[in-house]
Protein chains: 2
Amino acid sequence: MDKILRINTGGENGPVATVSDLGEYAGMGGRGMTSMVVSKEVPADCHPLGPENKLVIAPGLMAGSAASTSGRISIGCKSPLTGGIKEANAGGQAGQVMARLGYAAVIIEGAPKNDDTYKIFINKDGVSVLKDNSLKMKPNYDLVDAMKSEFGDKITVISVGPAGEMKMAASSIAITDMEVRPTRHAGRGGVGAVMGAKGIKAIILDDTGMGMRKAKEPDKFKAANKLFTQGLRGHAVTGEGLPAYGTNVLTNVINEAGAFPTFNFRQGSFDDAARISGETFAELEKQRGGNPTHGCHRGCVIQCSGIFNDKDGNYVTKQPEYETVWAHGADCGISDPDVIARMDFMDDNYGLDTIEMGATIGVAMDAGLISFGDAEGAVRLIEEVGKGTPLGRILGAGAAVTAKAFGIEKAPVVKGQAMPAYDPRAVKGIGVTYATSTMGADHTAGYAVATNIMKVGGDVDPLKPEGQIELSRNLQIATAALDSTGYCLFIAFAILDQPETFNAMVDSINAMYGLNMTADDVNALGRKILSMERDFNKRAGFTSAHDRLPRFFTRESLAPHNVIFDVSDEELDTVFNW
Amino acid sequence: MDKILRINTGGENGPVATVSDLGEYAGMGGRGMTSMVVSKEVPADCHPLGPENKLVIAPGLMAGSAASTSGRISIGCKSPLTGGIKEANAGGQAGQVMARLGYAAVIIEGAPKNDDTYKIFINKDGVSVLKDNSLKMKPNYDLVDAMKSEFGDKITVISVGPAGEMKMAASSIAITDMEVRPTRHAGRGGVGAVMGAKGIKAIILDDTGMGMRKAKEPDKFKAANKLFTQGLRGHAVTGEGLPAYGTNVLTNVINEAGAFPTFNFRQGSFDDAARISGETFAELEKQRGGNPTHGCHRGCVIQCSGIFNDKDGNYVTKQPEYETVWAHGADCGISDPDVIARMDFMDDNYGLDTIEMGATIGVAMDAGLISFGDAEGAVRLIEEVGKGTPLGRILGAGAAVTAKAFGIEKAPVVKGQAMPAYDPRAVKGIGVTYATSTMGADHTAGYAVATNIMKVGGDVDPLKPEGQIELSRNLQIATAALDSTGYCLFIAFAILDQPETFNAMVDSINAMYGLNMTADDVNALGRKILSMERDFNKRAGFTSAHDRLPRFFTRESLAPHNVIFDVSDEELDTVFNW
């Protein structure tokens, strides 16, 4: 993982690939890599779909090694959704495979001279740039099938669906999983539109012939990884809850906490929550020959990414994530697991962010386009997006644009990005993260839910403003660092609660690279990344006025706790005072 | 003009009207009044369609008096289009009539408790708030007819069409002219959506029984106004060009200057310009029994607002303004005067900003929705907006949203508002105004075209960056003051060129109010208004990063002069250094 691949799409005869050393980017991985490249090379005032923007794909520092659960890959750019810096990350196989092929980053840059569509094939022998207009507007599943026919079934595919090709701000970039299905997505911020604007439909990776990345200090690495793995297996969340039910273990938890945004954030609990809970999904999966306990990439010990079949036992989609179940479920008043799974598949196939799409449909329902609870209506709306009809163009541009087009105030967004599945009034720590994250409303940027609700890493009352700033600050710093390692964010439950697991995680990195990092160094990396991102956003025109929730969260109280968001603006402005 | 009417739309039984003294707003009028009220009373971070926003309607300081050409009225709010402060002003009868009724401002505030539609009738006896759901979704012409049936034909109507009721960001507020037709519009920034969000369909004014406003020093006023009027009549632009051809006298001028944005700003001249010139329109108007020389309100001596009939001699619309002819003409590659006039009528009837709509259709053409030059296609698109179809919702949200929905970079906007009819690459002074105005791209905020092209008030080469900052700065200051007087901006041609006309204008204000203002005081007022507006925008989240043109103007050169916009960012940041 000692080289960078640049694909300049502005060549006279199509994209030109060049490989270089890491140079100033040595030592960076994942989000640290993407945010540093974007910050240094992309003019902050450029148009996200213009030639000056770049799409940066970077495995984490530990990707491709034997480290457990280290397969996350980061994708960065200037976001078409928020207008700020973006890092969207995903699981799936691509992180491990790209790292084993030796690439610390793939950077797609420039502007195509025409409308041709390209695929990029990368294996041990190098990089092939191949024109293939037959791929235009292929949904992700069809695309992956075509790639398997052409390149065999040992491949990993990074691709955009029709939504990305149509340059929709809600479009994702799909990453194939162990079964070579396009189920894992760098979902947020419209990263798919940037790939679409560059005319690159797919990157196909084949690491046949490449070995696992070796640690500089193999024995130390092995020992650390063993301890780390034990820690993951021993924690209730990573060893029990997530393996048994996946992330949707949260539906009952968050609903009971009164923080489950329902009917476009009009109330904090959903009467039909039990019908769409993780327990219900896992039971269905077992009954139908699916699997609730299954990883998204090889080497994961958490195994939260299940498989969902229909009642005839046929594959529908991966086990829908909690945020997807919430977005297409409670937020729209929909309680049919099969319809939610179908929408999850449709989003994956068209290449859409499930959070943005669900929240957008909630806004459309609030605007009166269809009724809350109209499951078939919601399916039709996603079809409109996939077809790129005018209505689909509105919805595909996300919740903020949809609210603007239909003239309603109630857009649950920050910096133009839809809020995920936790109401900020009833989980105030996540409200602070939504407001202040460099990414727009993003739960993963500083997952205060862990401490507010699950009491992991401490206990801060979710309903009171006290303590939320410090909580969010510390989590945002730690997350920025963690997002650089390739380790899945879900290890946070174990490392926050178990000092020995945290130490093992740090030791594993030290052993891999021959370093002597301390916890302080990890924090310093997190602060460095956040500072780069904040600086980019400042240059792009963001101020403290953008570090706010929409005013209706401070005006309209949320049942059942009847709370408003009452962390003050002055406090919000201290999150990055460190 | 010594009172303020507030209409609180949040009353339990509908809007509640209260009248108060001017208080701290004494001495303010027009834009000074609207921007001061918005700046002081509207939280800068509120949602434009939410309860915290206010719509402020204020006649200019000289409105209702015998002063020539003093009928402009200002409408302010937080803009649904830009997210910043907005003052949109218009001619028509409302300024004069509201002033004679004694109101320095009407402020519509709060949030309706239900979906009822109201009309507000104001005459010498007071204010009546009347529920009238029969008015829902009535186009402006039908609405005005209904109001004439109910209140007689001595009325002046301020209203929103279906676009405002649908809360579209491109919606205008219509003001009736001398013939009680809804032809004059506070067009820019989506002010209609704010009125629509307040549930107020129309304000009907009847000044029967009210006299002309008297000057404090009548003799001095009469003398000043006489000199001022002579100055207007004696200047080539205000005494000849505008009366003969209206504002569309500019089509040939700007086209010859290579600054006539054509095909969504892809080139600077239009082969068919002569077919849509002011000369052609005036000739058609004469042939068909229309009238090229006619005022938009009583007391105007410039008379630039003609009447356009069809080939059978039937009224179609007012003589389309230059910016309308450009927007629906050259920018879309359309060269049929009758179709352009029809679209002008449609925009007025639905209540849409002609500049935003034309520019938006240009963007839609660039996105491939219909072809450049497809006149009937363009008409259909406006119909979609009027009907509020999904496609209409996109277009009705303006050029920036349309570009985002269709995934194209080329949105000629600043702060979300479409540029008018002068390419900033070939008239760099107006480019500076577009970039830095508090209003978003707005030619009227600092009309450097006068000096760059018409050599009024000096001569600054339009193609070079030198001198544009100072030019735009001085014009923006002067305009902010002028927009407060009620005097039409078009007097600027005469007062910039003729010191005695400028002095007469200042004397007329002094005589009206018993003041001793100097030119310096006028400038100080302009700076005060701009500072309030800049402060609001800063609080709303605007920074110098928003005082920029889209990057494609600095990358893609414009034929025939093959120029880019090359006023540097550093220079742009000095516009408000005074």
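The values are calculated or read from the model by the stated rules, or taken from the named source; none is laboratory data. A quick note: this is a predicted structure, and the numbers were derived from the prediction, not measured. Glycine gets a Cβ as well: all are built from the backbone with ideal geometry, and neighbour counts include every protein chain shown.
When A:Ala58 is tested against (1) closer than 30 Å to B:Ala367 by Cα; (2) touching a strand residue (DSSP E or B) at 6+ places or on another chain (Cβ under 9 Å), only condition (1) is not met.
In the set A:Lys410, A:Lys404, A:Lys455, only one residue is within 14 Å of chain B (Cβ to nearest Cβ) and surrounded by fewer than 24 Cβ atoms within 10 Å (Cβ to Cβ); that residue is A:Lys410.
Quick one: how many residues across region A:47-59 are within 14 Å of chain B (Cβ to nearest Cβ) and over 18 Å from A:Met439 (Cβ atoms)?
In the first step, residues of region A:47-59 are kept if they are within 14 Å of chain B (Cβ to nearest Cβ); the result is A:47-53.
Restricting the remaining residues to those that are over 18 Å from A:Met439 (Cβ atoms) gives A:47, A:49-52.
Counting residues in region A:47-59 that are within 14 Å of chain B (Cβ to nearest Cβ) and over 18 Å from A:Met439 (Cβ atoms) gives 5.
When you scan region A:1-86 for strands (runs of 3 or more DSSP E) that lie fully inside it, which ones turn up with 3 or more residues that are within 23 Å of the chain's Cα centre (by Cα) and under 30 Å from A:Glu217 (Cα atoms)? Of the strands (runs of 3 or more DSSP E) lying wholly inside region A:1-86, those with at least 3 residues that are within 23 Å of the chain's Cα centre (by Cα) and under 30 Å from A:Glu217 (Cα atoms) span A:55-59, A:73-78.
Here B:Ala504 fulfils each of the conditions (1) exposed (fewer than 14 other Cβ atoms within 10 Å of the Cβ); (2) closer than 20 Å to B:Ala478 by Cα; (3) among the small types (Gly, Ala, Ser) apart from (1). The set of residues in region B:267-310 being under 17 Å from B:Glu179 (Cα atoms) and of a type in the set (Lys, Arg) consists of B:Arg298 alone. Filtered by the rule that a residue be buried (at least 23 other Cβ atoms within 10 Å of the Cβ) and free of Cβ contacts under 8 Å to residues at least 24 places away in the same chain, region B:236-257 gives no residues.
Restricting B:Ala441, B:Ala421, B:Ala478 to those that are part of a helix (DSSP H, G or I) and at pLDDT 95 or above reduces the list to B:Ala478.
Would you check if there is a residue in region A:545-557 being of a type in the set (Gly, Ala, Ser), over 23 Å from A:Ala26 (Cα atoms), more than 14 Å from chain B (Cβ to nearest Cβ) and touching a helix residue (DSSP H, G or I) at 6+ places or on another chain (Cβ under 6 Å)?
Looking only at region A:545-557, we keep the residues that are of a type in the set (Gly, Ala, Ser), and these are A:545, A:557.
Subset that is over 23 Å from A:Ala26 (Cα atoms): A:545, A:557.
Still in the list and also more than 14 Å from chain B (Cβ to nearest Cβ): A:557.
With touching a helix residue (DSSP H, G or I) at 6+ places or on another chain (Cβ under 6 Å) added as a condition, the list becomes none.
No, the conditions are met nowhere in region A:545-557.
Restricting attention to region B:287-306, does a residue exist that is touching a strand residue (DSSP E or B) at 6+ places or on another chain (Cβ under 9 Å), under 24 Å from B:Met137 (Cα atoms) and surrounded by 24 or more Cβ atoms within 10 Å (Cβ to Cβ)? No, because not a single residue in region B:287-306 is touching a strand residue (DSSP E or B) at 6+ places or on another chain (Cβ under 9 Å), under 24 Å from B:Met137 (Cα atoms) and surrounded by 24 or more Cβ atoms within 10 Å (Cβ to Cβ).
Residue-level check: of (1) more than 14 Å from chain B (Cβ to nearest Cβ); (2) closer than 25 Å to B:Ala111 by Cβ; (3) surrounded by 20 or more Cβ atoms within 10 Å (Cβ to Cβ), A:Ala378 misses just (2).
Only one of the numbered conditions (1) outside any helix (DSSP H, G or I); (2) touching a strand residue (DSSP E or B) at 6+ places or on another chain (Cβ under 9 Å) is violated by B:Phe536, and that is (1). Residues in region A:551-574 that are in contact (Cβ under 8 Å) with a residue 24 or more places away in the chain, farther than 18 Å from A:Gln468 by Cβ and buried (at least 16 other Cβ atoms within 10 Å of the Cβ): A:Phe552 alone.
Yes/no per residue for (1) surrounded by fewer than 23 Cβ atoms within 10 Å (Cβ to Cβ); (2) without any contact (Cβ under 8 Å) to a residue 24 or more places away in the chain:
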residue: B:Leu101; (1), (2): no, no
residue: B:Ala104; (1), (2): no, no
residue: B:Glu109; (1), (2): yes, no
residue: B:Asp125; (1), (2): yes, yes
residue: B:Ser134; (1), (2): yes, yes
residue: B:Val157; (1), (2): no, no
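Under 8 Å between Cβ atoms, at least 6 apart or on separate chains: pull out the pairs that start in region B:1-25 with a residue that is surrounded by 12 or more Cβ atoms within 10 Å (Cβ to Cβ) and end on any residue that is outside any strand (DSSP E or B) and among the β-branched types (Val, Ile, Thr). Qualifying pairs under 8 Å: B:Pro15/B:Thr9; B:Tyr25/B:Val37. Return yes when B:Ala94 is under 28 Å from B:Ser20 (Cα atoms), modelled with pLDDT of 95 or more and among the aliphatic types (A, V, I, L, M) and no when it is not. Judged against the criteria, B:Ala94 is a match.
When B:Val414 is tested against (1) more than 20 Å from B:Phe270 (Cβ to Cβ); (2) over 20 Å from the mean Cα position of the chain (by Cα), just one condition goes unmet, and that condition is (2).
Tell me yes or no: at least one residue of region B:561-570 is within 12 Å of chain A (Cβ to nearest Cβ), β-branched (Val, Ile, Thr) and in a loop (DSSP other than H, G, I, E, B). Let's see the steps before the verdict.
Of all residues in region B:561-570, those within 12 Å of chain A (Cβ to nearest Cβ) come to B:569.
Within this subset, residues satisfying the condition of being β-branched (Val, Ile, Thr) are none.
Checking region B:561-570: not a single residue is within 12 Å of chain A (Cβ to nearest Cβ), β-branched (Val, Ile, Thr) and in a loop (DSSP other than H, G, I, E, B).
Of all the numbered requirements in (1) within 14 Å of another protein chain (Cβ to nearest Cβ); (2) surrounded by fewer than 23 Cβ atoms within 10 Å (Cβ to Cβ), B:Ser39 misses one, and that requirement is (1).
Every residue, every condition in (1) in contact with a Phe, Trp or Tyr (Cβ under 9 Å, 6 or more places away or on another chain); (2) within 16 Å of A:Thr117 (Cα to Cα), yes or no:
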{"site": "A:Asp132", "(1), (2)": "yes, yes"}
{"site": "A:Lys138", "(1), (2)": "no, yes"}
{"site": "A:Val144", "(1), (2)": "no, yes"}
{"site": "A:Glu150", "(1), (2)": "yes, no"}
{"site": "A:Gly161", "(1), (2)": "yes, yes"}
{"site": "A:Ala170", "(1), (2)": "no, no"}
{"site": "A:Val191", "(1), (2)": "no, no"}
{"site": "A:Asp206", "(1), (2)": "yes, no"}
